[in-house]
């Protein structure tokens, strides 16, 4: 038998082996596709807890404006048996105040959101068709802070220091009130003396590293929001309103009391004030 004849005799066997291998690989591939699920990752601006909802309307979606205690708020709802029986999944997102849009309100994209009333009314004058003002937050104190010298509301003081603010023109604490205070005192800073940041995390990092000398901060109890202790402080206002919680008209009344109680505890943690805006117990 020559070489050509031997190769021809092995051809059927080789084809059979190739077919078996192809079948095994195909089954393995299909099995892997069916058993694996895409990995769900939370970005820096969101958090999710609870079980996978059986229906889309069983997820309770929250929009707030700061990361402070946001995860704790979601976890409190997820761990509440009565609440999780209605909404097994809770997701929370923290974004600037100007993240909220007319579409969000009209489509009720969030079951609960936090913002100031003038912002909400400006976006959607008829917002009450979709949401109700559900829970007010305690007022807080706003201060200038510095690490190198006592802040003074004078042109001479600010002229020699770099000021850090948020770029968000709707931020009452980190943009509007600080600039209004300086303007009312007749202090005009050149643009080179003001650095604007996209979020509070970047602002605080810049202050801690010495990139900016003075920033405005709320006086709050949670170290998660203000991760440092400033040596010097100057009062800007002791009557700042952070905003209110707005609840979608679609939310079941069965969870209203649980939600009010959780928001009361949230306000106490963040603003260091006791609040009780409901008869719920």
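Note on residue 235 and residue 128: the model spin-label points, each 7 Å out from Cα along the C-beta direction, lie 3.6 nm apart.
So how do 257, 280 line up by other beta-carbon neighbours within 10 Å, fewest first?
Neighbour counts put them in this order, fewest first: 280, 257.
Would segment 140-240 count as rounded, prolate or oblate if I go by the C-alpha gyration tensor, calling it rounded below 1.5 in a/c and otherwise prolate when a/b exceeds b/c, oblate otherwise? In terms of gyration-tensor shape, rounded.
Looking at the square roots a ≥ b ≥ c of the eigenvalues of the Cα gyration tensor of segment 40-149, which shape do they give, rounded for a/c under 1.5, prolate if a/b is larger than b/c, or oblate? List each step's numbers first, then the result.
On the way: a/c = 1.97, a/b = 1.27, b/c = 1.55.
Here segment 40-149 falls in the oblate category.
Give me the extension gain from residue 58 to residue 161: residue separation times 0.36 nm, minus the current Cα-Cα distance, reported in nm with one decimal. Don't skip to the end; give the middle numbers.
Details: separation 103, 0.36 × 103 = 37.08 nm, distance 5.10 nm.
That works out to 32.0 nm of additional length.
Please report how far the C-alpha centroid of segment 50-71 lies from that of segment 128-186, rounded to the nearest whole angstrom. For segment 50-71 versus segment 128-186, the Cα centre distance is 29 Å. Across segment 140-240, Cα pairs under 8 Å and at least six residues apart give a relative contact order of 54 percent.
If R₀ is 22 angstrom, what is the calculated FRET efficiency for the pair residue 148 and residue 177, using the beta carbon separation as r and rounding to 0.05? Please report the intermediate quantities before stating the final value.
Working: r = 23 Å, r/R0 = 1.03.
In this case the efficiency is close to 0.45.
Computing FRET efficiency as 1/(1 + (r/R0)^6) for residue 184 and residue 117, where r is the C-beta to C-beta distance and R0 is 25 Å, gives about 0.60.
Here the label points at residue 107 and residue 205, each 7 Å from Cα along the C-beta direction, are separated by 3.1 nm in the simple model.
Taking 7 Å steps out from each Cα toward its Cβ at residue 198 and residue 268 produces label points 3.7 nm apart.
Computed from the coordinates by the stated procedures, all read-outs in this text should not be read as laboratory data. This is a predicted model, so every value here is computed, not measured. Using ideal geometry, Cβ is built from the backbone for each residue, glycine included, and neighbour counts are taken over all protein chains shown.
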